[in-house]
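A quick write-up on the structure given underneath.
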Amino acid sequence: MNAGRIDALVHYFETLSPEAIDVLPQYYAPHCRFVDPFNEVCGVGRIAAIFRHMFEQLDAPRFIVHDRVAESGRVLLTWDFEFRFRRWRSGDLQRIHGASLLTFDAAGLVVMHRDYWDAAELYEKLPGIGLLMRLLKRQGRPQAPLGDKV
């Protein structure tokens, strides 16, 4: 995969806006596939709909790409996704850590985009269910035997 093409794609993700969704076909093949913890769709139009929905539900969503590893037609990006919930008053900045594995066709267009991130990390941030998720997470942690220092 061409380093300049990867740089352009990373820049696209980091500056993604509602207006930029219209140029998605410059980066994604028409028949591309997208998978994340909540979605599994085929087609650039359906991927665009997921991005549009993100901007409808969240305030100031943005990706910050930290690392990239490229290997013969595939790229792994690690990133943070920052946003604010639109429906809750606190407006606190939220952050989710994740990675994307992108596979490209011969023309350099994305044919497979798979996001890896822990959906429980998102649920923990939600009012109500977040408290329950945090309690469950604490209960699932192994306890140190008595007398052992933590």
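The values are calculated or read from the model by the stated rules, or taken from the named source; none is laboratory data. Here the structure is a predicted model, which is why all the values come from computation and not from measurement. Cβ: placed from backbone, ideal geometry, glycine included. Neighbour counts: every protein chain shown.
Key figures
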read-out	value
Failed condition for residue 77, given (1) touching a Ser or Thr at 6+ places or on another chain (Cβ under 7 Å); (2) over 22 Å from residue 117 (Cα atoms)	(2)
Extreme residue, farthest from residue 100 (Cα to Cα), among residues of the range 42-75 that are among the acidic types (Asp, Glu) and part of a strand (DSSP E or B)	59
Residue in the range 1-41 that is surrounded by the most Cβ atoms within 10 Å (Cβ to Cβ), counting only those that are of a type in the set (A, V, I, L, M, F, W, C) and not in a helix (DSSP H, G or I)	32
Which numbered condition residue 14 fails, given (1) of a type in the set (Asp, Glu); (2) within 23 Å of residue 120 (Cα to Cα); (3) in contact (Cβ under 8 Å) with a residue 24 or more places away in the chain	(2)
In the range 71-88, the residues that are more than 18 Å from residue 54 (Cα to Cα) and either at pLDDT below 95 or of a type in the set (D, E, K, R) (or both)	71, 72, 73, 74
Search result, residues across the range 65-104 that are of a type outside the set (Lys, Arg) and over 17 Å from the mean Cα position of the chain (by Cα)	70, 71, 72, 73, 88, 90, 91, 92, 104
